[in-house]
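Below is one structure, written out as structure tokens; the observations come after it.
The values are calculated or read from the model by the stated rules, or taken from the named source; none is laboratory data. In this text the structure is predicted, and so the values were computed from the model without any measurement. Methodologically, a virtual Cβ is constructed for each residue, glycine included, from the backbone with ideal geometry; neighbour enumeration extends over all protein chains shown. Remember, those area values only see protein heavy atoms, side chains included, never the ligands or the DNA or RNA. Shrake-Rupley method; radii C 1.70, N 1.55, O 1.52, S 1.80 Å.
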Amino acid sequence: MAAAFPDIEKIRFEGPQSKNMLAFHHYDENEVVEGKPMREHFRFAVAYWHTFRGQGADPFGPGTMIRPWEAAEDTVKNAQDRAKVAFEFMQKLGVHFYCFHDRDVAPEGKTLKESHKNLDDVVKVLKEEQERTGIKLLWGTANLFSNPRYMHGAATSPNADAFAYAAAQVKKAIEVTKELGGVGYTFWGGREGYQNLWNTDIKREFDHLAAFMHMAVDHAKAIGFTGQFYFEPKPKEPTKHQYDFDVANCINFLRTYGLTDHVKMNIETNHATLAGHSMQHEIEYAGAQGFLGSIDANTGDALLGWDTDQFPTDIYLTTACMLSILKYGGLAPGGINFDAKVRRESFEPVDLFYAHIGGMDAFARGLKIAAAIRKDGILDKMLAERYGSWGTGIGASIEAGKESFASLEKYMLEKGEAQANISGRQELLENIINTYI
């Protein structure tokens, strides 16, 4: 088939002085930062659903996107052709990974059997394109939220048949992910939550969700799939309350149901915002608990209270992300998936390139700034000073588990009063960060 982007050459690194907006100004995939080339720090992935399936529709109108490769009807043939377009785009952009839902890459059939066949037919092309380009699957997942059968949820549905159908769909999605050499699989419960507690048995639904995930783990073992499982938090939208509310909630669920050896977090910026957190908070919490796996890179609009999935261009955001990611040893086998979409008004195919280039450059700047901060050690020094009382004396004794309430009472009765606090220097810290950015 003819090239979908005939006027676009491979996007290259030209440096910050370049005026070419179809070039990278900061992302040089071969530049070594803290001992690794940029491409390994980021493991950038393109989200199939937004980039190749998004049409720009919103609650007030239909899609606006110009996508010459799309046919009037979503046939298997059109899906196969779209896959070739996707790999042309990714190859020209210079990313090494992609992510998909099963229903993004292949149309749903009238029966489960037909849906499986449609997926197999498209996977053949995906596999050929992976072999041709060297681009890999970062993670796969199943769409368990679009079809009306999942209106009450999938793994948490009150309808046992909906649960069974979802299980069959995930079984196939894991098998396809393995066939394509995917290094991970993500659980995102698009409708796993409730609208009204009066008609909801929360305990039963949590039990069902855990049973579902254990079945997935068991099937992965049975077929030899060794990829990392991820759990993606989201607090609300479309349900009033989703069971995978935030990182802390998800980790508690995994611990309660004995899934901690199998599942890590896939964290999205806009979902963190909806939960009332920053992305830095969510990454730090996951990292501190040993559950940092992968991230979905996007951002929301501070003036809008919903999931806008915009491309990340805020250098403060990317710097904060990379400081925490570096702190906890990186993301591999996970990566940075651009779960982001061009605006409804950015409807031409070339806008897909502008959007991804901007996001990749923003993360490259964030990485270099984070590495400079870490090299200078200023934050480490200030943290060490702030927590200095824990390094020796009574603080070290407490951390070593040698003290009790009784011994600490005796200590303070003898001392009389706690030592004076030291300033948190918040404004100074913010000023210091500004000097790097």
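For the stretch 75-125, enumerate the residues that are surrounded by 16 or more Cβ atoms within 10 Å (Cβ to Cβ) and not in a helix (DSSP H, G or I).
Of everything in the stretch 75-125, those that are surrounded by 16 or more Cβ atoms within 10 Å (Cβ to Cβ) and not in a helix (DSSP H, G or I) turn out to be Gly94, Val95, His96, Phe97, Tyr98, Cys99, Phe100, His101, Ala106, Pro107, Glu108.
Taking the stated definitions as given, is Thr177 in contact with a strand residue (DSSP E or B) (Cβ under 6 Å, 6 or more places away or on another chain), in a strand (DSSP E or B) and of a type in the set (S, T, N, Q)? Walk me through it before giving the result.
Numbers: in contact with a strand residue (DSSP E or B) (Cβ under 6 Å, 6 or more places away or on another chain): yes; in a strand (DSSP E or B): no; of a type in the set (S, T, N, Q): yes.
Spelling it out, it is not the case that Thr177 is in contact with a strand residue (DSSP E or B) (Cβ under 6 Å, 6 or more places away or on another chain), in a strand (DSSP E or B) and of a type in the set (S, T, N, Q).
Among residues belonging to the stretch 387-437 that are among the aromatic types (Phe, Trp, Tyr) and open to solvent by less than 80 Å² (accessible area, probe 1.4 Å), point out the one that is nearest to Ala371 (Cα to Cα). Step through it out loud before you land on a result.
Step one: list which residues in the stretch 387-437 are among the aromatic types (Phe, Trp, Tyr), which gives 387, 390, 405, 411, 436.
Restricting the remaining residues to those that are open to solvent by less than 80 Å² (accessible area, probe 1.4 Å) gives 411, 436.
On the way: Tyr411: 42, Tyr436: 10 Å.
The qualifying residue nearest to Ala371 (Cα to Cα) is Tyr436.
Please tell me if Arg39 is open to solvent by 20 Å² or more (accessible area, probe 1.4 Å) and closer than 30 Å to Ile325 by Cβ.
Working: open to solvent by 20 Å² or more (accessible area, probe 1.4 Å): yes; closer than 30 Å to Ile325 by Cβ: yes.
Judged against the criteria, Arg39 is a match.
Filter the stretch 276-309 for residues that are hydrophobic (A, V, I, L, M, F, W, C) and modelled with pLDDT of 95 or more; which is surrounded by the fewest Cβ atoms within 10 Å (Cβ to Cβ)?
From the stretch 276-309, those hydrophobic (A, V, I, L, M, F, W, C) are 279, 283, 286, 288, 291-292, 295, 297, 302-304, 306; that's our starting set.
Narrowing further to those that are modelled with pLDDT of 95 or more: 279, 283, 286, 288, 291-292, 295, 297.
Values: Met279: 25, Ile283: 27, Ala286: 25, Ala288: 13, Phe291: 21, Leu292: 26, Ile295: 28, Ala297: 28.
Ranking the qualifying residues of the stretch 276-309, first place goes to Ala288.
Which of the residues spanning the stretch 90-135 are among the polar types (S, T, N, Q) and under 20 Å from Gly227 (Cα atoms)?
Taking the stretch 90-135 as the starting set, the residues that turn out to be among the polar types (S, T, N, Q) are 91, 111, 115, 118, 130, 133.
Answer for the stretch 90-135, where residues must be among the polar types (S, T, N, Q) and under 20 Å from Gly227 (Cα atoms): just Gln130.
Quick one: which residue in Lys264, Lys221, Lys236, Lys203 is of a type outside the set (Gly, Ala, Ser), open to solvent by 50 Å² or more (accessible area, probe 1.4 Å), out of contact with any Pro (no Cβ under 6 Å at 6 or more places or on another chain) and at pLDDT below 95? Break it down into steps so the answer makes sense when it comes.
Numbers: Lys264 fails: at pLDDT below 95; Lys221 fails: at pLDDT below 95; Lys203 fails: at pLDDT below 95.
Going through Lys264, Lys221, Lys236, Lys203 in turn, just one is of a type outside the set (Gly, Ala, Ser), open to solvent by 50 Å² or more (accessible area, probe 1.4 Å), out of contact with any Pro (no Cβ under 6 Å at 6 or more places or on another chain) and at pLDDT below 95: Lys236.
Out of the residues in the stretch 182-198 that are open to solvent by less than 40 Å² (accessible area, probe 1.4 Å) and within 15 Å of Asn249 (Cα to Cα), which is farthest from the chain's Cα centre (by Cα)?
Gly193
Quick one: is Thr313 closer than 27 Å to Glu29 by Cα and not in a loop (DSSP other than H, G, I, E, B)?
Values: closer than 27 Å to Glu29 by Cα: yes; not in a loop (DSSP other than H, G, I, E, B): no.
Taking the combined requirement at face value, the residue does not satisfy it.
Return the total of residues in the stretch 233-263 being touching a residue at least 40 places away in the same chain (Cβ under 8 Å), in a loop (DSSP other than H, G, I, E, B) and in contact with a strand residue (DSSP E or B) (Cβ under 9 Å, 6 or more places away or on another chain).
11
Inspect the stretch 124-139 for any residue being closer than 23 Å to Phe212 by Cα, free of Cβ contacts under 8 Å to residues at least 24 places away in the same chain and not small (Gly, Ala, Ser) and give the result as yes or no. Walk me through how you get there before you give the answer.
Applying the first criterion (closer than 23 Å to Phe212 by Cα) to the stretch 124-139 yields 138-139.
Within this subset, residues satisfying the condition of being free of Cβ contacts under 8 Å to residues at least 24 places away in the same chain are none.
No - not one qualifying residue is present in the stretch 124-139.
Of these, Tyr328, Tyr354, which one is surrounded by fewer than 20 Cβ atoms within 10 Å (Cβ to Cβ) and touching a helix residue (DSSP H, G or I) at 6+ places or on another chain (Cβ under 8 Å)? Let's see the steps before the verdict.
Working: Tyr354 fails: touching a helix residue (DSSP H, G or I) at 6+ places or on another chain (Cβ under 8 Å).
The match here is Tyr328.
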